[in-house]
Structures are given as structure tokens and as C-alpha cells.
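Have a look at the structure below before the remarks.
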Amino acid sequence: MRSNNAHFITPQMRVLSDDQIKSIYFAALEILERTGMKIDCQETLQFLADQGALVGPGNKVRIPAYLVERALKTVPPRVVLCNRDGERKLFLEDNNVYFGCNPDNPDYLDPYTGERRPFTSKDGKDMATVIDYSKNIEFVLNACFSADVPRDVADRVIIRQMMLYMRKPIGFSCTNADSLLDIIDMAAIVAGGYDELRMNPYIFHIQEPISPLSHDGNTMKEIKICAEKGIPLVYYPMPMAGATAPATLAGMLAQNLAEAFTGMVVHQLTKPGAPFITGGVASIMDMKTTRFSYGAPEMSLSVAGLTDILHYLKIPIWGTAATVDAKTVDQQCAAEIAISSLMSGLSGANLVHDTGLMDQATVTCPEVLLLADEIQGMVRRILGGIPVTDETLALDVVDEIGNGGSYISHEHTYKHFRDFWVPSLFDRSVLQKGQTMPSLTERLNTKARYVIENHEVPPLPSDKLKDLLELEKKWLG
Amino acid sequence: MTNFEPLNQSVISGRVDQVKEQTKAMVDAGVSPIEIINQGLIAGMNVVGVRFKNGDMFVPEVLMCARSMAAGIEIVKPLIADTDMPSKGKVLIGTVKGDLHDIGKNLVGMMMESGGFNVINLGVDIPPEKFVAAIKEHKPDIVAMSALLTTTMLQMKDTIELIKEEGLNVKYIIGGAPISQEFADEIGADGYAPDAASSVDLCLKLIG
């Protein structure tokens, strides 16, 4: 037998050493103790003061390191998310990677007209169908846009569309604490009760601090609700280097971490052991346009840095990839998706969100999801690595085929060629003279329409559908 | 004949201390304060504006140049009447009620200042009544509103409606991540800018 043998490794990447991680971690603790956080919620300030934090004027609170360490002791190292049928699907632990998308945006690129227009709940249905179809898109994050219904109920309308027309776990932001409670009620119907929902979480909620170092009152309310009801919470900032965070990435990561820890402390001290996920959409401000860059290499690098830190701290990780600055499905879009997806995959972020957001998170479409699905399929294949065993070394087969032979009809090939990644969109065909190949953009459009028109999603059981429609009378009237 | 070239260059390089020194020296030498502003400071800033538009300079550089220009203006300001101060117009800016996002709005304000506008920054979480009171007090040409949240952007509509009800005559411009030209049209705003840099052009267009 082989001793002292690291039996199987898969491709992996680190962008920070252990010592760099420690430096950033301690810098985050220093920010919390020295500069502190502004929290616009008296109840939370009082709560933190009772736990030993120092509350000063201007809603400022300085949080000592031991409160962070106490939260780190109770934060679970893993969170499991379930699909609509209650099956445990996403194991957010260690280096497991799952890509997810953002189905609703202010605008939509209509695959039937090519027009850019406001996103509606009908588009939500089409996006849900494409998401259900796409193998590598494993969860959604709803941002609550739907131009055909009143703005203050759009969150619940778009989430209902997701529940009806796809089966993957649902993340969301929402209007306020009241609508959060409504959405929990909706999910409990689908999951088959509140206890069921707590044991097999089908939904998760996201909330964000406001960089630099500020937290809104409503946010604190929602953190408390999630902790008490056992709904997994993702609390993460979106710092912009050079604008809302230091221009240097290390400083931005320290600030990002300090802001995330603030949510974690409130959350874990409210209910030790409640499911918590964090990370950051940490990027730069583009210094020509002043816009937040979603496709910047600094974003992939910063998110990989946060991933290293959170692996070290054993907290499930909220990643970001495949969200682009490109305004439509073009070459820039494909390059931005590819680099960020591979970076996230190699660094092992768990819940990697925002596939398919374009033009600084203002527009999306089915085609971009299908493009990302293809690229992320390639990434997954790479992450599988190179298994080295007697079977894969295949020495007997090499000897049998020998010099100048062919492997094509050998049983070993027949057995293993299925491991090859097979493109469903990318082209490897031989072009005959005079023949032209439709562009990838055209092929994506054809496929998007095909999936929307032909992919069948099993309906939600009729009793649950009935209860859901009954419940939504509360806000739709 | 005064040579303004060195002062122009100091503004273009964003050297605050150097601008101060050169401005003081000119004042001591008896150069007209208005000339120092127009030919020394603003002329330098105009070059910065052109270079920024061409993509040769970036926002942090523009802001450093604007800061150096402002340092020079501080020195000559006491020597001239307020009405003689060159300005392209007055802008009142604030983030709407319920929204605490500050930085994008501040950046827009700074870019406008560097473009020659007089900017009054009201801060964040500003209810419609406070906008109205500030318009009455400051009499701006333009009211600029910011929102980052989809849940607060509708406050822009309420604010515009209240200002109109009060019969105040101003132009309205809006901005922020979820804002679009369609939304601006829908709520009756006069303009929308997708980023801080283009907000300056938008103001020039509206009151030019």
C-alpha cells in the first residue's frame, strides 16, 4: 500500500497565505474596536451594550474582539439548502461550489424582440423556466423587481413566480420586515410547515450593511427575525475600493470583514447557532465613470481573498461570479463570466451568486443564463481534477494497445469517454465550404426560446398552490 | 502682464500647497482677484475637464484638482463681492427620505463643484418638506435627488410633486443605481444621469 499519500487532489487556488489571512482578520477586529460601527437601531445598540460593547454618541458602537470570537464559536460551519421538494441539495461547507443567478432586474432583454424594457412577472416565469432547465444554476437570488405590479409587492410576486416555475432554493431581498414575514409564510406553505422549513431550509434571506461601517435600522430588524425563525441569513457588504472602502484591496477586505462581523455578532448573540453565511461583493469604483465595476479583475481577486479568510474561519461563504459590466450578451460578457466563474470555482466559495447580471446589475435575460450555464459546466469539469488510480493510469490498456495502435474502440475508452465535457452551445463542428455557422448570440437566442417554450416544470402540488394563492390575497387584495 | 501658466499647472497637478502659495503671491503683487480666479484657477480646471472627458485623467485626480482650485479661491474670496464670484449655477442635492446612502450623492456634488457649480448638499434621508424649505432658502437652479434603494426611489416622485404644489420653479434631476431614464420620465424629472461625471454635463444642458 502507498503510505503518506495525499490520495486525491482537485484544482484549487489560494490568493492569501495563512499569515496574510490573520493580518486581515486582526485588522477587522481593530476596525470594530477602534473606529466602530454606526447602527441606526436603538434596540440593537442596547442589546450590544448589554453584551459588553461600548455605545457612544451618534449611534456608534465599538465592538470588542471577544464578542466576535464568541459569535465565531457558535456560527455553524455548514448550512444546507433544500429544493422545492424538500430534498437537501446544496451543502454549503468547506470548498463546495454552487453557482446561482439573479432572475429579476430593473430591465429585461426580451429574447423575442431584442428590446431592452422593464422586467415583468411574466419575464419572471420565463427566467424561472430557464433556471429550472440549467444544470449549473443551482439557486436563485431575487432582488424584487416586477414592473407590472405595484413596487411594494413586487418582492412577493416575483418569489411566487419562482416557487411556481422552478424547483431550486430561493434567496431574496425584500421591501421590509413585514414582507420578510410574508415570504417566510409563503415558504412554509411550500416546505410543509414552519418546523419543516427550519429543518430543511428552502429559502434564505440577504441583507447588507452600507459601506463604510454603517448599518440601517430595518436591516437589524430583519437579522433578528432570521435568527429567531432559523431562516439562513446572508449578511455581506458591497464595498467599492477607492469610494466606500480603502483603494487598497487588503484594507477593503478588512473593512468588509468588520462590517460582515457586525451582522454576525448581532445574529449569533440573538440566537446562537442560527444559520449564517457571509462574504462580500467587494470591487472597485471605475474611476472614469464612477460606477461600481462587476466585471473587474479586482472583484474576482477580492472575492477569492474573502473566500480564503472565511475558509480559515469556517463560515459558509457567499461568493460572487458571472456578473458582468457588459451591456448585452457579447464577447466582453463571455470573458467576464469565464474568468470570474473559474476564479470562484478554484477558490471554493460556496454560494456563488449573481450569474447573469449585466450592465452593473440593471439588466438580465435568458440567453446570458444559458451562456453562463455552458461556461460553468466547463468550470465544473476542471474542478473535478485528475483522479489517479490503477484504473485511470490504465497501464494494462497502454500495454495492450502498444506502439501505433488506437484507443478509440477499446472498452476502456467506452467506459470513460463520458467523463469528457460535452458542449451544448460551443461549437466544434467542421464547417463545409460556403457554409456559415450562426453566431453564438443567435444560437443562444434560439435555445432560450426553445427552453422557454418546451421545458416542463412539474407543477406545485395543488393544495400548496391553493394555499399560496389564498395567502397572497393579503397583499394583492 | 501676469503669467498665469504656473498657477494653471499647479491646479492641473492638484498641488494644494503650491496653489495656495502662488495665489497669495499674486494677491500680494496686486493682481486682480477676479483675474486670478478666471485666468489662474478656473482656466486650470478647464484643462482638467477636457482631459477627464478624453479619458486622460481619472475622478480622484479631478477631485484633487478641484480641491486645489478651492484652496486658491478661499484666499481671494474675501477680496471680492459675492455677486462677482463666477458660478455656472446653483444645485441643491440630497438623498431622499428613508435612504441613508451618502457617497454617490457626495461624489456627484464634488464633480459638479469641480465643474463650476455652486452646490448645497443637504445630506441623506431628506423628506420632501425639507427639500421645499431648502429651495425657498437657497433658490437653486437645479434640485438633484439620489436614491440607491428600489424601496426609496418613489420618494423622488413625492418630492417633485410637493415642490410643484408649492409653485417653486426649479429643474429636477435624479440618479442612483436603480434609476433609469424611463423612471425619470415617469415621475416628471427633467433629467437623469447614469454616473457622477455625466451629471455635470446634464446640469450644463439644463441651465445652459
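The values are calculated or read from the model by the stated rules, or taken from the named source; none is laboratory data. Everything quoted here is computed from the prediction, not taken from an experiment. All Cβ positions, even for glycine, are placed from backbone atoms using ideal geometry, and neighbour counts span all protein chains on display. With ligands, DNA and RNA removed, areas are computed over all heavy atoms of the protein, side chains included. Shrake-Rupley method; radii C 1.70, N 1.55, O 1.52, S 1.80 Å.
For region A:291-300, check the following and say yes or no: at least one residue is basic (Lys, Arg), assigned to a loop (DSSP other than H, G, I, E, B) and within 14 Å of another protein chain (Cβ to nearest Cβ). If you could, list the steps in order and put the result at the bottom.
Of the residues in region A:291-300, the ones basic (Lys, Arg) are A:291.
Okay, now just the ones that are also assigned to a loop (DSSP other than H, G, I, E, B), so A:291.
From what's left, within 14 Å of another protein chain (Cβ to nearest Cβ): A:291.
Within region A:291-300 (the criterion being basic (Lys, Arg), assigned to a loop (DSSP other than H, G, I, E, B) and within 14 Å of another protein chain (Cβ to nearest Cβ)), the answer is yes, since at least one residue qualifies.
Taking the stated definitions as given, is A:ILE225 more than 14 Å from chain B (Cβ to nearest Cβ) and part of a loop (DSSP other than H, G, I, E, B)? Considered against the rule, which asks whether it is more than 14 Å from chain B (Cβ to nearest Cβ) and part of a loop (DSSP other than H, G, I, E, B), A:ILE225 comes out as no.
Among the residues of region B:171-199, those that are in a helix (DSSP H, G or I), within 9 Å of chain A (Cβ to nearest Cβ) and over 25 Å from B:VAL50 (Cα atoms) comprise B:GLU182, B:PHE183. Put simply, of A:LYS314, A:LYS288 the only residue that is among the basic types (Lys, Arg) and touching a Gly at 6+ places or on another chain (Cβ under 8 Å) is A:LYS288.
Scanning region A:117-171 for residues that are over 19 Å from A:PRO106 (Cβ atoms) and among the polar types (S, T, N, Q) yields a total of 3.
Against the list (1) crowded, with 21+ Cβ neighbours inside 10 Å; (2) closer than 30 Å to B:ASP99 by Cβ, the condition A:VAL190 fails is (2).
Before we move on, is A:LEU351 within 14 Å of another protein chain (Cβ to nearest Cβ), closer than 20 Å to A:GLY171 by Cα and open to solvent by less than 10 Å² (accessible area, probe 1.4 Å)?
no
Just one of (1) β-branched (Val, Ile, Thr); (2) surrounded by fewer than 23 Cβ atoms within 10 Å (Cβ to Cβ); (3) under 17 Å from A:ILE206 (Cβ atoms) fails for A:THR248. It is (3).
State whether one or more residues within region A:106-129 are closer than 30 Å to A:THR262 by Cβ and touching a residue at least 12 places away in the same chain (Cβ under 8 Å). Full working, then the answer.
Keep residues of region A:106-129 that are closer than 30 Å to A:THR262 by Cβ, which gives A:106.
Filter once more, so that each one left must be touching a residue at least 12 places away in the same chain (Cβ under 8 Å): A:106.
Yes, there is a match, as at least one residue in region A:106-129 is closer than 30 Å to A:THR262 by Cβ and touching a residue at least 12 places away in the same chain (Cβ under 8 Å).
Residue by residue through region A:251-290, note down the ones that are open to solvent by less than 10 Å² (accessible area, probe 1.4 Å) and in a strand (DSSP E or B). Once the filter is applied, which keeps residues that are open to solvent by less than 10 Å² (accessible area, probe 1.4 Å) and in a strand (DSSP E or B), region A:251-290 yields A:PHE276, A:ILE277, A:THR278, A:GLY279, A:SER283.
For region A:416-477, list the helices (runs of 4 or more DSSP H) that sit wholly inside it and hold at least 1 residues that are among the polar types (S, T, N, Q) and at pLDDT 95 or above; which are they?
On the way: elements: A:440-454, A:462-471, A:473-476.
Here the list reads A:440-454, A:462-471.
In this structure, A:ASP132 does satisfy being in a helix (DSSP H, G or I), open to solvent by less than 20 Å² (accessible area, probe 1.4 Å) and either in contact with a helix residue (DSSP H, G or I) (Cβ under 7 Å, 6 or more places away or on another chain) or farther than 14 Å from B:THR150 by Cα (or both). Is it the case that B:LEU202 is over 18 Å from B:ASP99 (Cα atoms) and assigned to a loop (DSSP other than H, G, I, E, B)? In short, no.
Is it the case that region A:204-223 has a residue that's open to solvent by 30 Å² or more (accessible area, probe 1.4 Å), closer than 22 Å to A:LEU465 by Cβ and among the acidic types (Asp, Glu)? Looking through region A:204-223, none of the residues is open to solvent by 30 Å² or more (accessible area, probe 1.4 Å), closer than 22 Å to A:LEU465 by Cβ and among the acidic types (Asp, Glu). Of the residues making up region A:7-33, those that are part of a loop (DSSP other than H, G, I, E, B), of a type outside the set (Val, Ile, Thr) and open to solvent by 80 Å² or more (accessible area, probe 1.4 Å) are A:HIS7, A:PHE8, A:GLN12, A:ARG14. Residues in region A:83-126 that are more than 14 Å from every other protein chain (Cβ to nearest Cβ) and aromatic (Phe, Trp, Tyr): 4 in all.
May I ask you to list pairs of residues, at least six apart or on different chains, whose Cβ atoms are under 7 Å apart, with the first in region A:369-383 being farther than 18 Å from A:GLN332 by Cβ and the second being of a type in the set (Val, Ile, Thr) and buried (at least 19 other Cβ atoms within 10 Å of the Cβ)? Short answer, once both residue conditions are applied: A:ASP373/A:ILE137; A:LEU383/A:VAL97.
Please go through region A:228-252 and pick out each residue that is under 22 Å from A:VAL265 (Cβ atoms) and within 11 Å of another protein chain (Cβ to nearest Cβ).
Residues of region A:228-252 that are under 22 Å from A:VAL265 (Cβ atoms), as a first pass: A:228-239, A:244-245, A:251-252.
Selection gives A:MET238, A:PRO239, A:THR244, A:ALA245.
Residues of region A:141-181 that are crowded, with 22+ Cβ neighbours inside 10 Å, facing another protein chain (nearest Cβ under 10 Å) and not in a helix (DSSP H, G or I): A:ALA143, A:CYS144, A:PHE145, A:CYS174. Quick one: would you say B:LYS171 is open to solvent by 10 Å² or more (accessible area, probe 1.4 Å) and on the phi < 0 side of the Ramachandran plot? For B:LYS171, the condition - open to solvent by 10 Å² or more (accessible area, probe 1.4 Å) and on the phi < 0 side of the Ramachandran plot - is met. The one condition from (1) open to solvent by 30 Å² or more (accessible area, probe 1.4 Å); (2) more than 28 Å from B:SER198 (Cβ to Cβ); (3) at pLDDT 90 or above; (4) of a type outside the set (A, V, I, L, M) that B:ARG15 does not meet is (2).
Among the residues of region A:97-110, which ones are assigned to a loop (DSSP other than H, G, I, E, B) and crowded, with 21+ Cβ neighbours inside 10 Å? The answer is A:VAL97, A:ASN102, A:PRO103, A:ASP104, A:ASN105, A:PRO106. Filtered by the rule that a residue be in contact (Cβ under 8 Å) with a residue 60 or more places away in the chain and either crowded, with 23+ Cβ neighbours inside 10 Å or aromatic (Phe, Trp, Tyr) (or both), region A:291-301 gives A:PHE292, A:TYR294.
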